[in-house]
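Take a look at the structure set out below.
The values are calculated or read from the model by the stated rules, or taken from the named source; none is laboratory data. What you see is a predicted model, and the numbers here were worked out from it, not measured in a lab. Note that each Cβ is placed from the backbone with ideal geometry, even for glycine, and that neighbours are counted across all protein chains shown. Accessible surface areas use protein heavy atoms only, side chains included; no ligands, DNA or RNA. Shrake-Rupley method; radii C 1.70, N 1.55, O 1.52, S 1.80 Å.
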Amino acid sequence: MIETRTLSLRAIEDIAMRALVAAGTSEKNARPLAIATAATEADGVSSHGLAYIPIYCEHVKCGKVDGQANPLVTHPRPGVIKVDAATGFAHAAIDQGFAQIIPLAKELGVAVLAVNNSYNCGILGYHTYRLAKVGLLGIGFTNAPASIAPSGGAKPVVGTNPFSVAAPGENGEPVILIDQSASTIAKSEVMKHAREGLSIPVGWALDPEGNPTTDPQVGLKGSMSPSGGYKGVGIALLTELMAAAMTGATLGVDASPFSGTLGGPPKTGQFFLAIDPAATAGGYFADRVSRLASMFQDQDGAHLPGDGRRAKRVDAQLNGVAVNVAILDKIAAIIN
């Protein structure tokens, strides 16, 4: 049985912040990542929360991430913001980009943010959710090191490559949050099972010859199973076009892994669209989204994307989050 300790969201943010700074990250780069880590734990996505802090710190120390990076923000076209993350953490680069595209989207109706020379941005829905919180439809893409093979092939070419869509509601709380990878399950979940010595369900990963496996270690040497077969490969390819080709970032097949210390900075990318519904929907957007959501929520047992995270977030704010003690010990060793 895994031993856990309950921490408040403030405590989670604090311990993440202190570890990142102790590893050599500047406070201005560590703060956005620490805040996102606490929010991720609140959403119940522990595989992307504090469990990643030791990896982030390791990557700062080995040079895979520049903890002292200064992102470069440019404004090449009226509705376009570009950020060179300078091989630093994605969160700081995205923060600087959002500060520009949010007012632009409200002024112009739509604005885009292209981030390159970046790194793992964590939970993509965390970022699109923030756009929806200010009344914008947020659409995001991020690419990752290759881990999905083409249909009929066995060699990975594209990453798990998630996309996310967050739709705002009338009261300022996002109503719909779609956040899904192109693989059946996020690769971090397979890595988590490997760390804990657990088997994985059939359909999560394939061995190097393209056969299903229940051994996470074998799956990590092979490829991730695409969600919906060839349709998942199509989603991964779409995301690669948006997050890598459209930003000038490194293709997943050329990017170094998000795990381990080899390969230098991955230099992957993120691409966001921020759209003001008032510019396109003639005032009908909130009504349409509310009705659409209710069609899901009014059915017993039906699931609306985003509802699960919303419920967990409220509980976490009130009661804190149970965190794996082994992970806390790893982080404490970094701080001390």
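What percent antiparallel are the DSSP beta bridges of the chain, to the nearest 5?
Numbers: 36 of 41 bridges.
Once the DSSP bridges in the chain are tallied, antiparallel ones form about 90 percent.
Hey, which of these cross-link pairs are over 25 Å Cα-Cα: Lys133/Lys192; Lys192/Lys221; Lys28/Lys330? Present the calculation step by step, with values, prior to reporting the outcome.
Values: Lys133/Lys192 31 Å; Lys192/Lys221 15 Å; Lys28/Lys330 23 Å.
As for pairs spanning more than 25 Å Cα to Cα, those are Lys133/Lys192.
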Computed over region 39-87, Kirkwood Rh from alpha-carbon pairs, angstrom: 13.1 Å
Region 15-46 and region 162-199: distance between their alpha carbon centers, rounded to Å: 19 Å
Dipole of the chain, positive end: most advanced residue of Ser188, Cys62, Val134 [Cβ charges, Cα centre]: Cys62
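Would you mind computing the Rg to Rh ratio of region 208-335 from its alpha-carbon coordinates, Kirkwood style for Rh? Present the calculation step by step, with values, prior to reporting the outcome.
Values: Rg = 20.8 Å, Rh = 20.0 Å.
Expressed as Rg/Rh, it is 1.04.
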Gained length - Asn336 relative to Val110, 0.36 nm times residue gap less alpha-carbon distance: 76.7 nm
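Within the accessible area of region 220-336, what % is carbon and sulfur when the probe is 1.4 Å and the other protein chains stay in place? Before the final figure, lay out the partial values.
Details: 3680 of 6370 Å².
Within region 220-336, the accessible surface is 58 percent carbon and sulfur.
State whether region 145-251 is rounded, prolate or oblate according to the following rule on the C-alpha gyration tensor (a ≥ b ≥ c being the square roots of its eigenvalues): a/c under 1.5 gives rounded; otherwise a/b larger than b/c gives prolate, and the remaining case gives oblate. Walk me through the numbers on the way to the answer.
On the way: a/c = 2.27, a/b = 1.45, b/c = 1.56.
Cα axes put region 145-251 in the oblate bin.
If you count only protein heavy atoms with a 1.4 Å probe, what accessible area per residue comes out for region 219-322, rounded to a whole Å²? Show your work: numbers first, answer last.
On the way: 5660 Å² over 104 residues.
For region 219-322, the solvent-accessible area averages 54 Å² per residue.
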Reduced Cα scattering model of the chain, Debye log10 I(q)/I(0), q = 0.07, 0.09, 0.13 Å⁻¹: -0.28, -0.47, -1.02
Residue-averaged 222 nm ellipticity for the chain, from DSSP H runs of 4+ at -39500 (n - 2.57), nearest 500: -12000 deg cm²/dmol
Cα gyration tensor shape of region 248-320, rounded if a/c is under 1.5, else prolate or oblate by comparing a/b with b/c: oblate
Rounded if a/c under 1.5, otherwise prolate or oblate - region 98-153, Cα gyration tensor axes: prolate
